[in-house]
Each structure stands twice: as C-alpha cells, then as structure tokens.
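Novice: Questions regarding the structure given below will be posed in turn.
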Amino acid sequence: MCGIVGYIGKRNNAADIVVNGLKRLEYRGYDSAGVAAIQDGGMHVLKRAGKVNDTEELLRSTPLTSGLAIGHTRWATHGNPTDLNAHPHSDNLNEIALVHNGIVENYQVIKAKLLKEGYTLRSETDTEVLTVFIRSLYDKLGGDLVEATRLALTEVRGAFGIALISTLEPDKIIVARRGSPLLVGIGDGEFIVASDAAAVIQHTRQVIFLEDNEMAIVSHTGYKTKTIDNRTINSRIHQIEYDLESIEKGGYDHFMLKEIYEQPSTFRDAFRGRLLEDEGRVRLGGLSRVAEKLRNAPRIIFTACGTSFHAALVGEYMIEQLARIPVEVEYASEFRYRNPVLREDDVIFAISQSGETADTLAAIREAKLKGASALGIVNVVGSTIARETEAGVFIHAGPEIGVASTKAFTSQLCVLSLLALYLGRMRDLSRKEGIEIVKAIQKIPDQIESILAQAETIREIAQLYKDSPNFIYLGRGYNYPVALEGALKLKEISYIHAEGYPAAEMKHGPLALIDEHMPVVFIATQDELYEKVLSNIEVVRARRGRVIAIANEDDDRITELADHVITIPNTLPHLTPVLSVLPLQLLAYYIAVLRDCNVDMPRNLAKSVTVE
Ligand code: AGP
C-alpha cells in the first residue's frame with residue numbers, strides 16, 4: 001500500500017527525515033516515491049518512478065534545507081508508475097503539494113469541473129485532481145487553506161489519507177483521513193505525520209491516531225484536530241509499545257496472516273465504485289473500450305498459473321452460469337506451446353497477481369499473435385501484463401508480500417464475479433437477478449469477518465493434523481477449484497503432499513489412498529450437489545478416512561458425518577468460493593506455523609515466477 005510521511009519542526013533537514021521515514025515503509029510495496037519541501041519560500045518537489053533510493057539520489061544532488069516536508073511511496077491504483085504520476089502532486093502554481101493514499105471515486109466529475117474553470121492537470125492521477133480542487137477552493141475563499149481542504153474533502157467520495165503543505169501558509173502540515181490510516185507523532189519541538197507508525201517510532205512513541213473523517217492542523221508548536229464537518233475534537237495521545245518488525249506486519253506474526261485478515265477490506269476495494277445496485281449491474285471502466293468485443297465474443301479464454309489458475313476455474317463456472325458464454329481455462333505454460341486454435345473474435349483474459357508471470361505473459365503474446373483480443377485481470381498497475389493487454393480490470397488488492405497468494409485470490413474472484421455479472425447483464429440476466437447478485441457481493445466482507453473469527457477452531461484442527469504426510473481436498477461444482485486451491489496453499493507453505501480433486505473422482509482411483517492416516521478436507525456447502533458430497537463423505541468414512549468439512553452455518557447434518565466442521569455463512573453459489581477458501585487458507589497457515597516452516601518465504605518458491 002502507499003506510504004505517507006511528513007515533518008514539521010525545529011530541525012532543518014526535514015526532507016532527509018521524510019525520506020528516511022519512507023524507507024521504513026518500503027516493506028509495504030510501492031512503485032514510485034517522492035518528497036516535497038519548502039525552502040526559502042519556494043516549493044521543491046523531487047519524485048521518481050522507482051525506489052526511495054532514487055528519490056534519495058535526487059535529494060543528494062539537490063540538498064534541501066527546510067523544517068517542513070512531506071513524502072510518499074506510491075502503489076499505483078490509477079495511472080501507471082511514472083515520474084509524472086508519482087506523489088507529491090502540486091497545483092498549477094506549485095504552491096500546494098499533496099500526498100494521498102486511497103482512491104477518489106468521483107475524481108472524474110471533479111476533474112471536469114476544474115477543467116471547465118480553467119485549471120490544468122498534467123498527470124493521470126486522482127490525487128492531482130484533489131490537489132487542484134483544494135487550490136480552486138482556496139482561490140474562491142480568497143485564502144484559508146485549512147477551510148479549502150476541509151470543503152474539498154466533504155465533496156470527495158472514496159477513501160483517503162492525505163498530507164499537504166503550501167508556500168501560501170508555510171507554517172503547517174494539514175492531514176486528514178477517511179478509510180486510510182494517518183497518525184501524528186508528537187516529538188520534542190517537532191511533529192512527524194505518517195500513514196504507519198513504522199515511520200514515526202525512531203523519533204517518538206507518543207502519537208495521536210486520526211479516526212475516519214478527521215483532520216489535523218500541525219504547526220511547529222502544536223496541533224489541532226477536528227472533524228471534516230468542522231467539529232473540534234480532543235484526540236487521545238497513545239504510547240506506541242510495539243517494535244518496528246511487528247509494525248511492518250501490522251502486529252501479525254507473518255505477512256500471510258496479515259493478508260488473510262486484510263480480505264474484508266481488499267474484497268471491498270475490488271468492488272468499490274463498480275456496483276450499480278439500482279440497476280443490478282456493474283461499471284468496469286477498464287473494459288469500456290472492448291465492450292462490444294465482449295458482447296459479441298463467441299467464447300472467453302482464461303489463461304493463468306497457480307492460484308490465479310484456480311481463480312480462473314471459478315470464473316469459468318461463474319461466466320457460463322450467469323452469461324451462458326463458453327469459457328475455456330488454460331494453464332499458461334501449456335497454452336503458449338500447443339499452437340492453440342484462436343479466432344479474431346476470441347477474447348482471452350490473463351489473470352495474474354504480479355502481472356509479471358513469464359508463462360502467462362507468453363500466453364497472451366501468443367494469443368495476440370493469432371489475432372485474439374488480450375485483456376487482463378491484474379493486481380499490479382503498470383506491470384508488464386497490464387501494459388501488454390489492451391484493456392482489463394485491476395483487483396486493487398494492494399501489495400501481496402506473502403509468497404502464498406491469499407487476498408489476491410479472493411479479489412480475483414470478486415472481479416470475476418463482477419465480470420460475470422457485466423457479461424450476464426449484456427445478455428439474459430435480468431435487472432432483478434443483477435440486484436440480488438450486487439447485494440450478495442456487498443455482504444461478503446462482513447461474512448469474511450465472521451469466518452476469520454473462527455481462527456482458533458481452525459488452529460486446533462491444524463494441531464491435530466500437522467504431522468500428516470498427505471492430505472486430500474475434495475469439492476464439487478464451484479468448490480472444486482477451491483479444493484485445488486486449498487491443496488496448493490497447504491503444500492506450498494507446509495511442504496505436506498496434498499491433492500485436490502472433484503469429489504466424484506475419488507472412486508476412479510484416489511479412493512485407494514484412504515485409510516485412518518489420511519485427512520480428507522471436504523467443501524460441503526449446501527448447493528445443488530450437497531447430497532452427492534455427503535455420499536462421498538460416507539464413502540471416505542467407511543474406509544476410516546478422517547473428515548474435515550467446510551459447511552454452511554445452518555447445516556445440522558454434516559456434524560454426524562465429519563470429524564471436524566468449520567462453518568461459513570450462506571451466499572449465492574457462485575460467490576461461495578470466496579468464503580469456502582478462507583478456512584483452507586488459515587488451515588494451511590497454522591499447519592505451516594506449527595511445522596516451523598518459513599510461511600512468508602517457503603523454500604524453492606518465488607513470489608513472482610518471471611522465468612520459465
Ligand atoms: C500461489 O500461492 C503461488 N504463489 C503461485 O501459484 C502464484 O499464484 C502463481 O505463480 C501465479 O502468480 P501470478 O498470479 O502473479 O501470475
């Protein structure tokens with residue numbers, strides 16, 4: 001995620017302090033960085049696509065003497081990672097500089113208003129729009145930067161954490177938050193603002209945390225806090241107790257666990273601004289230029305690897321059910337070499353968290369060579385696959401640091417459910433059906449929370465089976481790809497051999513593996529195949545297999561059949577994988593921890609496989 005750092009105080013190397021603070025935030029993943037400082041009444045902005053070191057190089061070549069500076073590490077959500085799109089952004093006269101975490105959902109509307117008023121915009125970012133919007137209000141008010149900022153934020157829709165400084169009022173930093181953390185560190189004759197305590201604790205452990213819709217005005221001598229609707233507040237001062245390493249992991253023991261627990265918010269970020277509830281449809285701006293190709297596509301092809309391949313399998317079921325378009329799912333490594341039969345009106349989606357997977361990149365290049373339209377469902381903005389596809393949908397999951405993919409998977413499923421609805425409403429799906437789907441999607445984040453609350457139950461099950469040499473995962477329909485994903489999660493971080501199968505496949509061979517030493521994980525949610533899955537469980541039990549079942553909360557039959565039951569809330573069949581995968585992520589995590597494995601960096605694996 002993006003990082004914010006700001007300094008105001010007695011020292012005159014504010015820019016250096018800010019850059020060092022940004023280095024503390026590098027673990028969060030980013031693709032560009034920058035710093036702005038006020039020196040001799042002028043605004044100086046140094047920013048670059050690339051690493052914080054690149055910004056530091058710039059600072060070394062143009063040293064700044066200043067007691068006031070802000071800085072940013074950017075994880076691109078709008079606009080590719082370029083020098084121009086990097087933060088800080090400034091207004092047309094370079095008198096206001098602003099850094100921003102989050103997404104301004106209504107930035108296009110604000111942008112149109114600013115352009116009509118004669119303001120100019122240079123970058124592709126929503127952040128620059130916000131900066132110039134604040135300037136326009138400052139101009140209208142004839143001054144008062146704090147009030148201009150407050151008024152601008154009352155009009156903004158979406159999430160933000162911002163810090164801004166200005167030569168117009170060079171005695172303060174203004175910070176504000178809605179949905180993206182911001183804190184103010186209280187030093188001795190100085191203040192450090194940041195999006196993350198990691199950037200602050202080397203200076204002070206006394207901080208105030210802004211709550212949503214709050215802002216702070218920080219000067220050399222003190223600070224004032226108030227709500228964005230202009231009510232003064234007294235923010236409590238906290239003492240930061242934890243150390244740097246635990247801060248980077250957000251207090252979690254591993255990045256993987258942190259990312260598992262981020263899923264309520266990352267799933268929400270994947271659909272934020274894209275649901276049109278009243279019309280029962282979605283808005284996918286990244287596909288607008290290929291809408292007619294998608295309307296007329298005779299089939300959709302997905303190509304991917306690993307976890308993204310499993311997401312693609314779920315997407316196949318979703319689109320064929322909701323849009324009745326034939327879908328094929330291809331391992332990228334196979335697709336790229338088997339001279340696939342493609343036609344000009346074929347549409348192929350590459351699904352990739354990193355956007356750099358060599359096989360997936362090669363697969364879409366091969367498809368483009370044969371005239372197909374190549375689109376992307378990617379997490380990393382500006383990645384090679386994002387740039388080489390003609391359109392696509394970003395999943396907005398933020399940087400995924402754990403090698404084992406978790407939040408990216410559920411965000412891919414979210415985007416795939418939006419794509420299926422998008423395609424379905426172009427065809428036979430009714431407005432009423434669409435509204436039901438939209439409502440179900442909106443409930444998912446809270447439902448994810450309810451499953452994560454069962455972590456202790458899952459950890460106890462992990463304790464019982466952590467020494468099993470093998471696991472089998474079984475599911476049917478939408479839950480078949482989840483069985484594959486659950487097996488992959490376990491094997492890649494705990495090094496236990498695990499296989500996923502369609503549950504009905506057991507009788508075609510794998511049943512021979514079942515005995516009292518074999519734990520079998522069944523995903524047994526109450527869909528149209530539920531009775532069949534119960535029969536499969538009976539078959540396994542008859543051979544003394546140990547059964548761990550993922551079942552719906554209101555299922556009162558499964559407890560008679562399974563040794564252990566982990567429950568998930570009910571949702572629409574095509575959204576069930578988002579929920580049924582969560583217990584499997586936690587099961588794999590806890591088994592790996594109990595086996596003292598390196599959860600975030602498992603042996604032999606890389607986060608992004610950029611070679612064949
Ligand atoms: C999943 O946990 C693995 N890290 C791996 O299978 C991964 O999904 C695969 O390498 C594809 O990566 P991508 O999504 O970045 O293309």
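The values are calculated or read from the model by the stated rules, or taken from the named source; none is laboratory data. All of these numbers come straight from a predicted model, not from anything done at the bench. Positions of Cβ are generated from backbone atoms using ideal geometry, with glycine treated the same way; all protein chains shown enter the neighbour counts.
Novice: Working only within segment 292-308, note down all residues that are free of Cβ contacts under 8 Å to residues at least 60 places away in the same chain and part of a helix (DSSP H, G or I).
Specialist: Those that are free of Cβ contacts under 8 Å to residues at least 60 places away in the same chain and part of a helix (DSSP H, G or I): Glu292, Asn296.
Novice: Would you mind stating whether Gly143 is in contact (Cβ under 8 Å) with a residue 60 or more places away in the chain and on the phi > 0 side of the Ramachandran plot? Let's see the steps before the verdict.
Specialist: Working: in contact (Cβ under 8 Å) with a residue 60 or more places away in the chain: no; on the phi > 0 side of the Ramachandran plot: yes.
Criteria not met by Gly143.
A quick yes/no check of all residues on (1) closer than 18 Å to Glu320 by Cβ; (2) in a helix (DSSP H, G or I); (3) in contact with an Asp or Glu (Cβ under 7 Å, 6 or more places away or on another chain); (4) not acidic (Asp, Glu):
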residue	(1), (2), (3), (4)
Gln412	yes, yes, no, yes
Asp428	yes, no, no, no
Glu433	yes, yes, no, no
Glu436	no, yes, no, no
Pro445	no, yes, no, yes
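Novice: Within the set of pairs 6 or more residues apart or between chains, which connect a residue that is over 20 Å from Ser405 (Cα atoms) inside segment 490-509 to a residue that is among the polar types (S, T, N, Q) and crowded, with 17+ Cβ neighbours inside 10 Å with Cβ atoms less than 8 Å apart?
Specialist: That search, which allows pairs on different chains as well, returns Ala503/Asn536; Ala504/Asn536; Met506/Asn536.
Novice: Okay, next question. Just to confirm my filter: which strands (runs of 3 or more DSSP E) fall fully inside segment 124-186 and include at least 3 residues that are of a type outside the set (D, E, K, R), at pLDDT below 95 and crowded, with 18+ Cβ neighbours inside 10 Å? Show your work before the answer.
Specialist: Numbers: elements: 158-166, 172-178, 183-186.
Correct list: 158-166.
Novice: Identify, please: which residue in segment 477-495 is more than 14 Å from Leu582 (Cα to Cα) and touching a Pro at 6+ places or on another chain (Cβ under 6 Å) and is, among those, nearest to the ligand (Cβ to nearest atom)?
Specialist: Taking segment 477-495 as the starting set, the residues that turn out to be more than 14 Å from Leu582 (Cα to Cα) are 477-478, 480, 491-495.
Cutting the leftovers down to touching a Pro at 6+ places or on another chain (Cβ under 6 Å) gives us 478, 480, 492-493.
Details: Tyr478: 19, Tyr480: 17, Glu492: 6, Ile493: 8 Å.
That would be Glu492.
Novice: I'd like the full set of residues that are of a type in the set (A, V, I, L, M) and more than 13 Å from the ligand (Cβ to nearest atom), limited to segment 381-404.
Specialist: Applying the first criterion (of a type in the set (A, V, I, L, M)) to segment 381-404 yields 381, 385-386, 391, 393, 395, 397, 401, 403-404.
Val381, Ala391, Val393 - these are the residues of segment 381-404 that are of a type in the set (A, V, I, L, M) and more than 13 Å from the ligand (Cβ to nearest atom).
Novice: So is Val378 under 17 Å from Thr303 (Cα atoms), within 11 Å of the ligand (Cβ to nearest atom) and within 16 Å of the chain's Cα centre (by Cα) or not?
Specialist: Values: under 17 Å from Thr303 (Cα atoms): yes; within 11 Å of the ligand (Cβ to nearest atom): yes; within 16 Å of the chain's Cα centre (by Cα): yes.
It is true that Val378 is under 17 Å from Thr303 (Cα atoms), within 11 Å of the ligand (Cβ to nearest atom) and within 16 Å of the chain's Cα centre (by Cα).
Novice: Counting only residues that are within 9 Å of the ligand (Cβ to nearest atom) and not small (Gly, Ala, Ser), which one in segment 349-360 is modelled with the lowest pLDDT?
Specialist: Glu356
Novice: Pull up segment 593-606, narrow it to residues that are within 12 Å of the ligand (Cβ to nearest atom) and within 12 Å of Met256 (Cα to Cα), then point me to the one that is farthest from the chain's Cα centre (by Cα). So that I can check it myself, show each step before the final result.
Specialist: At the first step, the residues of segment 593-606 found to be within 12 Å of the ligand (Cβ to nearest atom) are 599-602, 604-606.
Okay, now just the ones that are also within 12 Å of Met256 (Cα to Cα), so 599-602.
On the way: Val599: 20, Asp600: 17, Met601: 19, Pro602: 22 Å.
Here the residue is Pro602.
Novice: Shifting gears a bit: Determine whether Thr559 is loosely packed, with under 15 Cβ neighbours inside 10 Å and within 16 Å of the ligand (Cβ to nearest atom).
Specialist: On the way: loosely packed, with under 15 Cβ neighbours inside 10 Å: yes; within 16 Å of the ligand (Cβ to nearest atom): no.
No: the conditions fail for Thr559.
Novice: Suppose we filter Ala524, Ala551, Ala498 for residues that are within 16 Å of the ligand (Cβ to nearest atom), at pLDDT 95 or above and among the small types (Gly, Ala, Ser); which single one remains? Please lay out each step first, then the result.
Specialist: Working: Ala524 fails: within 16 Å of the ligand (Cβ to nearest atom); Ala551 fails: within 16 Å of the ligand (Cβ to nearest atom).
Exactly one of Ala524, Ala551, Ala498 is within 16 Å of the ligand (Cβ to nearest atom), at pLDDT 95 or above and among the small types (Gly, Ala, Ser), namely Ala498.
Novice: Criterion first (crowded, with 24+ Cβ neighbours inside 10 Å, under 23 Å from the mean Cα position of the chain (by Cα) and touching a residue at least 60 places away in the same chain (Cβ under 8 Å)) does Leu452 satisfy it?
Specialist: Numbers: crowded, with 24+ Cβ neighbours inside 10 Å: no; under 23 Å from the mean Cα position of the chain (by Cα): yes; touching a residue at least 60 places away in the same chain (Cβ under 8 Å): yes.
So Leu452 fails the test.
Novice: I need the full set of residues from segment 91-118 which are within 18 Å of Leu153 (Cβ to Cβ) and without any contact (Cβ under 8 Å) to a residue 60 or more places away in the chain, in order please. Break it down into steps so the answer makes sense when it comes.
Specialist: First, pick out the residues of segment 91-118 that are within 18 Å of Leu153 (Cβ to Cβ): 91, 96-111, 113-114.
Of everything in segment 91-118, those that are within 18 Å of Leu153 (Cβ to Cβ) and without any contact (Cβ under 8 Å) to a residue 60 or more places away in the chain turn out to be Asp91, Val104, Asn106, Tyr107, Gln108, Val109, Ile110, Lys111, Lys113, Leu114.
Novice: Please indicate, with yes or no, whether at least one residue in segment 577-587 is in a loop (DSSP other than H, G, I, E, B) and touching a residue at least 12 places away in the same chain (Cβ under 8 Å). Lay out the reasoning, then the answer.
Specialist: Of all residues in segment 577-587, those in a loop (DSSP other than H, G, I, E, B) come to none.
Scanning segment 577-587, I find no residue that is in a loop (DSSP other than H, G, I, E, B) and touching a residue at least 12 places away in the same chain (Cβ under 8 Å), so the answer is no.
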